[in-house]
1. Rounding to the nearest 10 and keeping the result within 0 to 90°, find how far the Cα-based axis of helix 2-24 lies from the longest principal axis of the chain.
2. Using the per-residue mean of other Cβ atoms lying within 10 Å as a proxy for protection, in what order, highest first, do the peptides 469-477, 360-368 fall?
3. Could you order 535, 592, 427 so the one with the most accessible surface comes first? Probe is 1.4 Å.
4. Using Cα pairs closer than 8 Å and at least 6 residues apart in sequence, work out the relative contact order for the chain, in percent.
5. Cβ under 11 Å from residue 323's Cβ, residue 323 left aside: what net charge do those residues give with Lys, Arg +1 and Asp, Glu -1?
6. Once you sort the root eigenvalues of the Cα gyration tensor of segment 302-405 as a ≥ b ≥ c, which label holds: rounded (a/c under 1.5), prolate (a/b larger than b/c) or oblate (the other case)?
7. Angle between the Cα long axis of helix 300-316 and the longest principal axis of the chain, 0 to 90 degrees, nearest 10?
8. Against the longest principal axis of the chain, how steep is helix 96-107, in degrees 0 to 90 to the nearest 10, with axes from Cα atoms?
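The values are calculated or read from the model by the stated rules, or taken from the named source; none is laboratory data. If you're wondering where the values come from, they're calculated on a predicted model, not measured in any experiment. Cβ placement follows ideal geometry from the backbone for every residue including glycine, while neighbour counts extend to all protein chains displayed. Calculation scope for accessible area: heavy atoms of the full protein, side chains included, ligands and nucleic acids excluded. Shrake-Rupley method; radii C 1.70, N 1.55, O 1.52, S 1.80 Å.
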Amino acid sequence: MIKYLFRILTFTLSIVFVFSLSIYSQTLTVSTSTHFSGSGNCAQCHISDGNAFTTQSGDDVSPTTLWRSTMMANASRDPLWQAKVSAEVAANPALQAVIEDKCATCHMPMGRTESVVTGAEGYTFDEGLADPLSMDGVSCTLCHQIQNSNLGTEASFTGGYDITNVHSIFGPYTNPTTMPMFNMTGYTPVYSEHVHKSELCATCHTLYTPFVDDMGQVAGYFPEQTPYLEWENSGYPDESVECQTCHMPVTEESMLISTRPPSLTTKRSPTWGHEFVGGNVFMGTLIKNNLDVIGATAAVQHFDSTMNKSKRMLQQQAVNLSATAWIDDDTLVTQVLVENLAGHKFPTGFPSRRAWLHVVIQDNNENIVFESGKPDDNGEVAGIDDGYEPHYDEINQPDQVQIYQAIMKDVNGDVTYTLLRGAEYAKDNRIPPKGFTSVSENYQDIAICGNALNDNNFNFNDDGQEGSGSDYVTYKMAIDNTVTDYDISVTMYYQTLAPHFVADLNAYDTDKVTRFSGFYQAMDKAPVEIAGISKSVENYANTGIQDNNSEPDGWQLFNNYPNPFNAGTVIQYTIPQNTFVTLDIYDVTGRKVTTLVSEILTAGTYTTDWKGLDRTGNSVSSGIYTAVLTTNGQQEIIRMLLLK
């Protein structure tokens, strides 16, 4: 009788829950199949109620709230993905079944897996669009049921995850309370360490696609996106920095992780935020702007929160930008250092993305005398070459632009944006992660391609060793001796969809392409500004003042190493003369955390360790910190990422 009353209460609460969700967005699905259950069923217990999944400051950190506005939740609804699938089918109609089934494996995973496991040979696009579980995207009972059987192997890549009919839900907590979940859903929670591992994410984020020749015949397989292999060939695995470390940030507070049963008192710590944000601000905003038409299950406020987090990741955890400028005879030399902070290449993933440097030099009358990389109103970059812009080590003309991107070419060596024509990369100068070398098992699939191969300043340190995870770009401009000083600004931009990629997509006359094109045309196409710095240089030849800082190694604060770091990091700096020096650490709010140096030092190069402690000796939390070196009235700044 008690069990019967419990089920009635559960059913009633479910109705209230679904009604409350429908107030502000379309309802999360509560559909079920033999192997899967919709996110709406999970959300009945794993939701913030002011107690469970709620921080002391009142923040909602429940999985459903954070997940529902991500690209993972909207993987099947993503209008760009739908348009690209339809375009690939239009270009290769004989391979429609292969294309739709393979793309559905990771974008409509629950419906496709259920279909194949129960005997179907494949899965079609139309089947997925009609299936509520497929439209639930990359959802709870998909990821948490992936077995730790073949992870990290080639068999697990390209959607080769293993789902069984055991109905175990793998989670991060030991000794889970099992009966409430089993009674509610039929699934049993089980602890497994593999939910913390990058190999879990690699099942879909290591993707090989077939490519065809001019006759439409499959001629081989192409590494469309390989962030896991890039991470594996870096220094991050040795530092225990996994995909989840950055993309599922922890909340250290102890809290309840379920609203049921009411008698539950066991609190857990930490909790992992199901934020899953990367750099895709553009598509998240596009979906938000068309919620009703696209059918997203998140409200505007959810998307705003996720997009703000995406911007913060781009601006705080993507790159570190620094520059040194000096005058050498009649030439203004500006050396820009771009350091990759991510655990994979930047930009990463799908080959529609790019980042570039916008460098502007002004004279003392604020006239622009040099500009490279200016974006226009349509998101294009002024002055770039047809086809693609090559990689540069040195830039001395305004129409030369340093663009970090991957450009595909077909079997004939021609540039292509059609995935099934991409046989290899014509250019891949995306900045590798720290520790990335050419002597790895899978290097042929993650190789640097194009002019960057011959650039000794690309992924090489000053000692000529691979693995710096950075790029030095030198800009040179002839100076005018009537000018007393120059102001230099350097900005890095990021863009999800390069206009060339969109133009190629629009060449295909399909309903899904037309639909996406309408959404795209209404969007603000300005790229995201992810980093910016400025420098001033005096023309001493004009003023008659002796130049005491003509060498680039004057006042300089070098990038810390390692970065990101866990137990500690080393900060190195150079001062050219005896002076009073301070080295302070600030958090992202601008609050001073500690002072590492505050004394008079003689000229030379110094190193200082920071162990991630504040001024009282207590450990600080994970996040972005700024080191500020103040010497002789001027400042140098670097950003550091602490991960625990």
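1. With both axes taken from Cα atoms, the answer is about 40 degrees.
2. Peptide ranking by packing, descending: 469-477, 360-368.
3. Values: 535 55, 592 75, 427 5 Å².
Ranked from most to least accessible, the order is 592, 535, 427.
4. Values: 1347 pairs, mean separation 77.2, N = 644.
12 percent.
5. Values: positive: 535; negative: 636.
Taking every Cβ under 11 Å from that of residue 323, the sum is 0.
6. Details: a/c = 1.79, a/b = 1.62, b/c = 1.10.
Because a/c hits 1.5 or more and a/b exceeds b/c, segment 302-405 counts as prolate.
7. 40
8. It is inclined by approximately 80 degrees.
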